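Engineer: Below you'll find the structure I mean.
The values are calculated or read from the model by the stated rules, or taken from the named source; none is laboratory data. From a predicted model like this one, the values you see are computed outputs, not experimental measurements. Here the Cβ positions follow ideal geometry from the backbone for every residue, glycine too, while neighbour counts run over all protein chains shown.
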Amino acid sequence: MTEPSWAKRNILLDQFGLQHCTVVDFGCGDRSVLNYQTFRQYTGLDRTAGADIQIDFDCDTIALSQHYDVGLVLGVLEYLKDPAAFVHAIKPFADRFIIMVLARAAPKSAWRQSFTQESLDTLLTAQWSNCKYIAAGGYVIADCTDHSTEII
């Protein structure tokens, strides 16, 4: 089975109506999301040279001086030593989170973790009271908030 390109994940964000939002992108990579999406304000965090804030999520403490409307976590959880500690650490920085994983039963060689919708739900519902899921293009996408309004 051919797995979807990580670049294609950015198109899947169209359905979330983020164009008027302030967005923090945890694991922004080369900031390719900006080739597909427009946001009111964008800050990217990663250990890559192109990030607005350079950080290693496994080693460094996340410290932001701003609160955002939306936090993006697109293909990050698979690479982390402790995804539960990471989602706990990022929760204070945004009202809503869009979290995307490539659904696989077993991790790829560079991954430390793999997720199914069920295992992702177990991880995320420990932090947020309302997570809605969609499956698209090989991905599982969670839209998480503590608000009880319809989000997808």
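Engineer: Across segment 118-150, which residue is nearest to residue 89 (Cα to Cα) among those that are at pLDDT 85 or above, surrounded by fewer than 15 Cβ atoms within 10 Å (Cβ to Cβ) and polar (S, T, N, Q)?
Structural biologist: For segment 118-150, the residue satisfying everything is 125.
Engineer: Related question: Looking only at residues in segment 37-71 that are touching a Gly at 6+ places or on another chain (Cβ under 8 Å) and touching a residue at least 24 places away in the same chain (Cβ under 8 Å), which one is farthest from residue 124 (Cα to Cα)?
Structural biologist: Here the residue is 52.
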